[in-house]
Amino acid sequence: MDARLDFFGNPLAAKVLRHINSASKVVSDSTLPQATQELVKIRASQINGCGFCTDMHTKDAAHAGETVQRLHMVAAWREATVFTDAERAALELAEQGTRIADAAGGVDDEAWANAAKYYDEDQLAALVSLIAVINAYNRINVVIRQPAGDYQPGMFG
């Protein structure tokens, strides 16, 4: 399977990716816990059907020490006992922020208030930005049908 477009090799697309990658770096360097960041990226990617990002972020999380059990349970986090209350709040915000069209009012006040119990203002800004950035990556990869499965941790720097 080949991607419809070589997004990494196209000069215009490369410029777009540099900007998205810069935003991603700001979030990555924030105080939002790295484990939470990976869980959010995995869950949004699952929802969006982005195999490339699901592959990348499950491998990155495992490489960083995330347990296999928790990785397997991300899709069913509501029924899983392996996530902290803070992680569950972030996953709920990620789901609602990804499924905007499924809810008449977007992210509801309860999900926002719950996340605000566990994360300070900078972490909330990072979390909102992370949700936006991973959704952008997901949409690019889904539209161009970027193949999944060959990612190796660290291959992009």
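The values are calculated or read from the model by the stated rules, or taken from the named source; none is laboratory data. Just so it is clear, the model here is predicted, and its values are computed rather than measured. Heads up, the Cβs are rebuilt from the backbone with ideal geometry, glycines too, and the neighbour counts pull from every protein chain shown. Areas reflect the complete protein model, heavy atoms only, side chains present, ligands, DNA and RNA absent. Shrake-Rupley method; radii C 1.70, N 1.55, O 1.52, S 1.80 Å.
Details
- No other residue among Arg43, Arg78 is at pLDDT 95 or above, among the basic types (Lys, Arg) and open to solvent by 30 Å² or more (accessible area, probe 1.4 Å) apart from Arg78.
- Among the residues making up the stretch 7-21, those that are open to solvent by less than 100 Å² (accessible area, probe 1.4 Å) and either within 15 Å of the chain's Cα centre (by Cα) or not small (Gly, Ala, Ser) (or both) are Phe7, Asn10, Pro11, Val16, Leu17, Ile20, Asn21.
- Residue among Leu17, Leu39, Leu12 that alone is over 21 Å from Leu127 (Cα atoms) and either in contact (Cβ under 8 Å) with a residue 24 or more places away in the chain or assigned to a helix (DSSP H, G or I) (or both): Leu12
- Within the stretch 69-87, the residues that satisfy the criterion of being of a type outside the set (Phe, Trp, Tyr) and either touching a strand residue (DSSP E or B) at 6+ places or on another chain (Cβ under 8 Å) or more than 16 Å from Ile47 (Cα to Cα) (or both) are Gln69, Arg70, Glu79, Ala80, Thr81, Val82, Thr84, Asp85, Ala86, Glu87.
- Scanning the stretch 85-106 for residues that are among the small types (Gly, Ala, Ser), open to solvent by 30 Å² or more (accessible area, probe 1.4 Å) and in contact with a helix residue (DSSP H, G or I) (Cβ under 7 Å, 6 or more places away or on another chain) gives a single hit, Ala103.
- Count of the stretch 107-122 residues, restricted to those that are touching a helix residue (DSSP H, G or I) at 6+ places or on another chain (Cβ under 9 Å), under 23 Å from Ser24 (Cβ atoms) and of a type outside the set (A, V, I, L, M, F, W, C), is 2.
- Qualifying residue in the stretch 115-125 (condition: of a type in the set (S, T, N, Q) and open to solvent by 70 Å² or more (accessible area, probe 1.4 Å)): no
- Within the stretch 46-71, if we keep just the residues that are closer than 24 Å to Ala136 by Cα and out of contact with any helix residue (DSSP H, G or I) (no Cβ under 7 Å at 6 or more places or on another chain), the residue that is most open to solvent (accessible area, probe 1.4 Å) turns out to be His63.
- Filter result for Arg139 (free of Cβ contacts under 8 Å to residues at least 60 places away in the same chain and either open to solvent by 30 Å² or more (accessible area, probe 1.4 Å) or farther than 26 Å from Arg4 by Cα (or both)): no
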